[in-house]
Amino acid sequence: MSELLRRHAYSLTYLLLASLCAIGMASQHGPSELGFAPRLVLNLTLPLERMVTLPVQELRGVWGDYVALVGVREENEKLRGRLARLEDENHQYREAILSSERFQKLAGFRAQREIPMVPANVIHQDLSPWFQSLIIDQGAAAGIRPGMPVITDAGVVGLVSGTTPGASKVMLIIDPQSRLDAYVERTRARGTVRGAAGPDCDLDHVLRQESVEEGDLLLTSGMGGVYPKGLRVGRVAKVENKTSGLFLAAKVDPVVDFTRLDEVFVILEQRQIPEDDAFSAADEGLWPEPPPPMGPEPPPPADPPTTAEAPR
């Protein structure tokens, strides 16, 4: 029995003091100062109460902080999602403004030209070392045929090389197979702009005595039956000084940035050179026949005498 009391002495003492305190407080019928016994019990139990309630309060504070952090994390996730949506909308608005500006510029360029053109969007680019081409979203259904030139407000893009009902393939002027006749705006010197399978082109077949300098603007000459005259092609970047030969050579930077193409125009016109048999025949003559001489007409020549057949 004594061993049991010794083991539970603190618990029994705490229970006794709490009971005395409760009895003392219950005996008071109104607000008044505490008696000796309740004060004694309160002073003795206050440290114990603090020891018990302090971990609970700390745990409650930690739990509150955790709940608050969870709420802040959720709010941050919501704010990040909202910020991403706003940035996406802002990007779409900027892109719409830029597209509107490009289309207004293209529409103004189209209005200045009297030739029929079809606007198209670039949907694919192939800028490999062997082929320089792109695909647009307009094709045979819009009246586009192979051989039609493709341009922008900046200048010449290339030539339609193939079509489907809803798309067309365009060979760029920087493609190695591309050739176009051009002239220097400053001196009217003519040459051939040839694709060099890279970001630039070559200018060939310019007579050596012609004046070609860096920065000269090249325009389409209208020769060859493909491109209309006066379209911007590029600027001379470098003139190669050869010591021999009839022609000089130069490098040309195209005026169109093919890596940033979004919209283009297809000229609905195929200018073909007529065949030789379509021209007038050579026996028609270039000048009218001279009039007959004045005076009496000479008598017709007499028939030659017939020779009698020799007898057999």
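The values are calculated or read from the model by the stated rules, or taken from the named source; none is laboratory data. Note that the structure is a prediction, hence the values are computed from the model and not measured. For neighbour counting, all protein chains shown are included, and Cβ atoms are generated from backbone atoms with ideal geometry for every residue, glycine included.
Is it the case that Val160 is under 28 Å from the mean Cα position of the chain (by Cα), in contact (Cβ under 8 Å) with a residue 40 or more places away in the chain and within 13 Å of Gly230 (Cα to Cα)? The answer is no for Val160. The residues listed here are Arg60, Arg85, Arg80; of these, the one that is over 30 Å from Gly195 (Cβ atoms) and modelled with pLDDT under 75 is Arg60. Ile135 meets each of the listed conditions (1) touching a His at 6+ places or on another chain (Cβ under 6 Å); (2) β-branched (Val, Ile, Thr); (3) surrounded by 22 or more Cβ atoms within 10 Å (Cβ to Cβ) apart from (3).
Residue-wise test of (1) modelled with pLDDT of 90 or more; (2) of a type outside the set (Gly, Ala, Ser); (3) surrounded by 10 or more Cβ atoms within 10 Å (Cβ to Cβ).
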| site | (1), (2), (3) |
| --- | --- |
| Leu217 | yes, yes, yes |
| Val233 | yes, yes, yes |
| Asn241 | no, yes, no |
| Ser244 | no, no, no |
| Val252 | yes, yes, yes |
| Ala282 | no, no, no |
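Taking the criterion of being within 19 Å of Asn241 (Cβ to Cβ) and in contact (Cβ under 8 Å) with a residue 60 or more places away in the chain, no residue of region 166-222 qualifies. Picking from residues in region 143-167 that are of a type in the set (S, T, N, Q), surrounded by 15 or more Cβ atoms within 10 Å (Cβ to Cβ) and touching a helix residue (DSSP H, G or I) at 6+ places or on another chain (Cβ under 9 Å), the one that is nearest to Asp181 (Cα to Cα) is Thr152. The criterion of being surrounded by 15 or more Cβ atoms within 10 Å (Cβ to Cβ), modelled with pLDDT of 85 or more, assigned to a loop (DSSP other than H, G, I, E, B) and not aromatic (Phe, Trp, Tyr) does not hold for Val266.
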